[in-house]
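This report refers to the structure that appears directly beneath it.
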Amino acid sequence: MPEQLLTYALILAKLGLIFFVILTLAAYLVLAERKILARMQLRYGPNRVGPFGMLQPLSDLIKLLTKEDFLPATADKWLFLIAPGLSAVTALLTFAVVPFGPPLEIFGQTLPLVVIDLNIGVLYFLGLSSLAVYGMALGGWASNSKYALLGSIRGLAQLISYELALGLSLVPVVMMARSFSLTEIVMAQAQIPYLLLNPPAFLIFLISVVAESKRIPFDLPEAENELVAGFHTEYSGMRFGLFFVGEYINLIILGAMITVFFLGGWHGPYLPGVVWFSLKVLAICFFFIWVRASLPRLRYDQLMHFGWKLLLPLALLNVLVTGAVLLWIG
């Protein structure tokens, strides 16, 4: 019984630490994006609140907490109130299966740097990424606004189409690692990352997660010049903040998944595993910001055409080719 209590206490401690680190990182990722975009566009970013603008996330939090949180008169009250939390919570829960580094030896005990090492970690990730759709869908539908509804419909169509390519791009990874466990997938890349062994799967997964993140060039659910703010048009205050924070938490989790599946996870020379993992995730987040600063938004028909008629067939073909090669080499 004491050992079980210790195990539960350790899991809760890991979850608390992850929540604190991820929420803090998400807040400062917003600041980093604003500064990086500003530099890329030859202007200054936030630089007034605190030294070098470092207290800007705290200022934004206070602003969101003190703004009026109003409820549209014709909205579906409970769904409208619940929807923002779904996006943030589903993204946070995904971190339960992410291995941040190799197990540590402390006082003769092995401490795995993962909350729960599920043997179906890939399926857990895909399941939660599918559930994140409900936050956007319910937020748009419950708002009883044509702009919000159009945004949520666009988002549903977009995520369903790119979920298929995303899931199929991970089939070769599972075939090569012979496991659904994220820890075992990372350990299988101790010598060569899957980015080098299967570049098509990496490219398909990368494009799919950019679409999953609903960011430029795939930000059709929000499209300010067409839909005001898309699915969260009617939200204000901290409920809008939950949608906003959920997007950046999702950005971090997608960076972590790219690192786990294709960049070798914590593997790297000289530096500790956790440091390598963090650097790779931050590099992917910088790539997302760079893409946002560089590419224009796709038209809706171009976006769907690209997902269904190009990415999906390529992902299926890559599964067949990878299976044939693995059979051939025995």
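The values are calculated or read from the model by the stated rules, or taken from the named source; none is laboratory data. From a predicted model like this one, the values you see are computed outputs, not experimental measurements. When we count neighbours, we look across all protein chains shown, and the Cβ atoms used for this are built from the backbone with ideal geometry, even at glycine.
For this structure, a couple of remarks:
- Screening the candidates 105, 33 for the property of being modelled with pLDDT under 85, closer than 30 Å to residue 271 by Cβ and of a type outside the set (Val, Ile, Thr) yields one hit, 105.
- Residue check for residue 133: within 20 Å of the chain's Cα centre (by Cα), of a type in the set (Val, Ile, Thr), crowded, with 18+ Cβ neighbours inside 10 Å and closer than 30 Å to residue 59 by Cα: yes
- For the criterion of being part of a loop (DSSP other than H, G, I, E, B), surrounded by 14 or more Cβ atoms within 10 Å (Cβ to Cβ) and of a type outside the set (Asp, Glu), residue 75 passes.
- Where a residue in the stretch 285-300 is in contact (Cβ under 8 Å) with a residue 24 or more places away in the chain and its partner, wherever it lies, is among the polar types (S, T, N, Q), with Cβ under 8 Å and at least six apart: 288/213; 293/41
- Segments classed as helices (runs of 4 or more DSSP H), wholly inside the stretch 132-205, with at least 3 members that are more than 22 Å from residue 323 (Cα to Cα) and of a type outside the set (S, T, N, Q): 146-177
- Residue 96 passes every criterion in (1) farther than 27 Å from residue 274 by Cα; (2) surrounded by 15 or more Cβ atoms within 10 Å (Cβ to Cβ) apart from (1).
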